[in-house]
Amino acid sequence: MSEAADQELAERARKLFAGPIEFLKSAPGLQFLPEADAPEIAFAGRSNVGKSSLLNALTNRKGLARTSNTPGRTQELNFFDVGEPLQLRLVDMPGYGFAEAPKDMVRRWRFLMNDYLRGRAVLKRALVLIDARHGLKEVDREIMRMLDDAAISYHLVLTKSDKVKSAALGPLYEATMVEAAKHPAAHPAIFTTSSETGSGIAELRTAILEAALT
């Protein structure tokens, strides 16, 4: 893509996310999914990775997605309509990797995520959020393998980069790239973001729109 086309896409993404964005519905099971009438981009990550904060930063809203210090608050698939007319949907997936939740609840959420990933034809890409303070954990690799198996392309997104010293970010980024190269469905583009400072947010918006258009 040419530099002019890149700039045009970035401006389209800026305008899209500055426009109408609304919560559509929560789906505790596949039978509650909305009509598959728009491209979807799913957000996955460990509990407290900053998923809700990132969604709020991307959409320039303070309260679109609820934030909580309680692990596992998001227990359903939450759908958000972007654009008028509708251009794409953001899907907030249940957080994973928390020790406090009952095992049967974790199992239900795992089945819900797996069924959604494997059966949703309009799902264009997933974003796997990684806390930059901790790097990749085995539970992250587990969701990456789930996406690999479902043949769903995904970006790794480092969150909370403002909490990490700049000297440590470079090695973390390199290590994340090495890990991504081992996974067939991992997209080579990795994003470093901060919901607090806004770093990387515009670039991620552009990547979301680009994925939705493919």
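With θ taken as phi - 60° and the Karplus curve 6.51 cos²θ - 1.76 cosθ + 1.60 applied, the whole-hertz 3J(HN,Hα) list for region 76-89 is 9, 7, 9, 10, 10, 7, 10, x, 9, x, 4, 10, 6, 10 Hz, x standing for glycine and proline. When a/c is below 1.5 the answer is rounded, else prolate if a/b is larger than b/c, else oblate, so apply that to region 161-203 with a ≥ b ≥ c taken from the square roots of the Cα gyration tensor eigenvalues. It is oblate, given that a/c is not under 1.5 and a/b is not larger than b/c.
With distances taken between every two different alpha-carbon atoms, the chain has a Kirkwood hydrodynamic radius of 17.3 Å.
Solvent exposure of the chain amounts to 49 Å² per residue of accessible area, where only protein heavy atoms count and the probe is 1.4 Å. Other residues within the sphere of radius under 15 Å centred on the Cβ of VAL178, judged by their own Cβ, net out at -1 (K and R +1, D and E -1). Put simply, the amide H of LYS25, placed in the peptide plane, has neighbours under 5 Å in PHE79, leaving out anything fewer than 5 places away on its chain. Give me the aspartates and glutamates in straight-line cross-link reach of LYS124: C-alpha distance below 19 Å, same-chain residues under 8 apart excluded. Within the straight-line limit of under 19 Å, LYS124 reaches these aspartates and glutamates: GLU35, ASP37, GLU40, ASP81, ASP92, ASP115, ASP148, ASP149, GLU203, GLU210. Using only side-chain charges placed at the Cβ, +1 for Lys and Arg and -1 for Asp and Glu, the dipole size of region 96-190 relative to its Cα centre rounds to 180 debye.
Estimated from helical segments only, the mean residue ellipticity of the chain at 222 nm is -12500 deg cm²/dmol, where each DSSP H run of four or more residues counts as -39500 (n - 2.57). Quarter the surface of the alpha carbon convex hull of region 120-214 and you get the mean projected area, 6.0 square nanometres.
The values are calculated or read from the model by the stated rules, or taken from the named source; none is laboratory data. Being a predicted model, the structure only gives us computed values, none of them experimental. Methodologically, a virtual Cβ is constructed for each residue, glycine included, from the backbone with ideal geometry; neighbour enumeration extends over all protein chains shown. For the accessible areas, the whole protein counts, side chains as well, though only heavy atoms, and no ligand, DNA or RNA atoms are used. Shrake-Rupley method; radii C 1.70, N 1.55, O 1.52, S 1.80 Å.
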